[in-house]
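Shown next, in structure tokens, is the structure this report addresses.
The values are calculated or read from the model by the stated rules, or taken from the named source; none is laboratory data. Just so we're clear, the structure is a prediction, and the values are computed from it rather than from any experiment. Cβ placement follows ideal geometry from the backbone for every residue including glycine, while neighbour counts extend to all protein chains displayed.
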Amino acid sequence: MIQLASEQVEPGAAIILGAGPCQEIPLPALTERFASVTLNDWNESSLEQVAVSPERSSKVLRLVADLTGVTTQFLEQVTESLATTDDPEQAIEKISALADAVTPQVFSTGQSYDLVVASCVLCQLHLEACNQALALFGATFPQQVQQFRASTRWVQAMYGLARRMERAFIETVHGLVASKGRIYLSETIQGCFIHLNPEGHWMTDGMYRMTHTLELSDYLDARFHVEEFGKWVWVMPPSSELGFVGRLYKVQGFILSIK
Ligand SMILES: C[S@@+](CC[C@H](N)C(=O)[O-])C[C@H]1O[C@@H](n2cnc3c(N)ncnc32)[C@H](O)[C@@H]1O
């Protein structure tokens with residue numbers, strides 16, 4: 001679908017948001033078609049892993065940036081607040097209140113793009129804030145990490161923050177795309193862990209929802225026009241690296257234009 005979207009637009013500039021190591025992105029085809037391809041991720045080492053042929057390397061720009069604009073500041077506030085209390089209950093309340101107060105930003109590079117690729121990044125935007133807050137809490141209160149992780153106050157605060165980040169991200173993709181451009185937006189709507197039982201059957205404890213609802217279209221509003229829609233299953237086979245547990249994701253993807 002990304003290649004199909006790329007054929008529907010002028011071959012000027014493309015941007016890949018949350019590109020990671022580009023394992024699922026047809027980067028050779030994109031660098032062949034577009035005059036420039038910007039790869040974004042907040043994880044610099046992921047972007048460094050992306051292999052680009054020497055003759056195309058001048059077309060590829062690496063842009064290390066947090067698409068939410070708020071993660072670093074939130075984590076600094078968490079660190080400061082942990083230094084002000086030795087009561088884990090109070091710390092949970094303070095950190096949750098900090099998460100409640102975060103207003104994610106709309107990301108811009110100051111230019112527009114013929115193709116904006118947002119492949120499986122929407123529901124990941126809050127993960128660094130979530131995981132690092134847990135790690136910071138755990139460094140101060142190692143015995144209470146599970147209590148923090150499971151506390152309704154924290155779970156609801158992080159759920160709300162994730163949803164606000166997603167809303168800002170939809171504004172981001174809308175703001176980045178050129179008027180005749182295309183957005184490729186995909187997401188893992190549901191996922192589950194799969195493992196072999198002693199009888200040799202694949203088992204799962206059940207699927208969990210990864211997005212606000214079970215329809216990616218629920219993130220879209222009247223400004224977007226659906227050019228293409230697809231649904232598929234993405235399987236990560238069990239490997240020894242993952243403890244012989246595989247993963248299965250239900251994915252939905254769109255090619256969008258803007259009105
Ligand atoms: C599930 S991976 C998808 C990678 C790639 N887009 C693909 O489809 O193969 C999500 C990527 O989004 C990046 N990411 C998550 N939150 C981000 C943020 N706030 N700002 C920038 N990148 C982010 C992660 O580092 C990771 O590389």
Could you figure out which of (1) small (Gly, Ala, Ser); (2) surrounded by fewer than 16 Cβ atoms within 10 Å (Cβ to Cβ); (3) closer than 30 Å to Ser6 by Cβ isn't true of Gly191? (2)
Output the residue which, of all residues in the stretch 169-200 that are under 22 Å from the mean Cα position of the chain (by Cα) and among the charged types (D, E, K, R), is nearest to Val235 (Cα to Cα). Glu187
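Would you check which residues across the stretch 204-243 are of a type in the set (A, V, I, L, M, F, W, C), over 21 Å from Met1 (Cα atoms) and loosely packed, with under 12 Cβ neighbours inside 10 Å and list them? So that I can check it myself, show each step before the final result.
First pass over the stretch 204-243, keeping only residues of a type in the set (A, V, I, L, M, F, W, C): 207, 210, 214, 216, 220, 222, 224, 226, 229, 232-236, 242.
When the remaining residues are screened for being over 21 Å from Met1 (Cα atoms), the result is 207, 210, 222, 242.
If the condition is that a residue be of a type in the set (A, V, I, L, M, F, W, C), over 21 Å from Met1 (Cα atoms) and loosely packed, with under 12 Cβ neighbours inside 10 Å, then Ala222 is the only one that fits.
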Those residues of the stretch 63-84 which are surrounded by fewer than 17 Cβ atoms within 10 Å (Cβ to Cβ), within 17 Å of the chain's Cα centre (by Cα) and not hydroxyl-bearing (Ser, Thr, Tyr) amount to Leu63, Val64, Ala65
Consider the stretch 12-60. How many of its residues are surrounded by fewer than 17 Cβ atoms within 10 Å (Cβ to Cβ), within 13 Å of the ligand (Cβ to nearest atom) and over 14 Å from the mean Cα position of the chain (by Cα)? 6
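In the stretch 116-138, which residue that is free of Cβ contacts under 8 Å to residues at least 24 places away in the same chain and surrounded by fewer than 17 Cβ atoms within 10 Å (Cβ to Cβ) is farthest from the ligand (Cβ to nearest atom)? Write out each step before concluding.
As a first pass, look at the stretch 116-138 and keep what is free of Cβ contacts under 8 Å to residues at least 24 places away in the same chain: 127, 131, 134-135, 138.
This time we only want the ones that are surrounded by fewer than 17 Cβ atoms within 10 Å (Cβ to Cβ), so: 127, 131, 135, 138.
Numbers: Leu127: 6, Asn131: 11, Ala135: 16, Gly138: 21 Å.
Going through the qualifying residues, I end up with Gly138.
Within the stretch 163-187, track down each residue that is touching a helix residue (DSSP H, G or I) at 6+ places or on another chain (Cβ under 7 Å) and within 17 Å of His126 (Cα to Cα).
Glu166, Phe169, Ile170, Glu187
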Test Thr71 against the stated conditions and say whether it is within 14 Å of the ligand (Cβ to nearest atom) and either of a type in the set (S, T, N, Q) or modelled with pLDDT under 95 (or both). yes
Residue that is in contact (Cβ under 8 Å) with a residue 40 or more places away in the chain and away from the ligand (no atom under 13 Å from the Cβ), where the choices are Tyr113, Tyr184: Tyr113
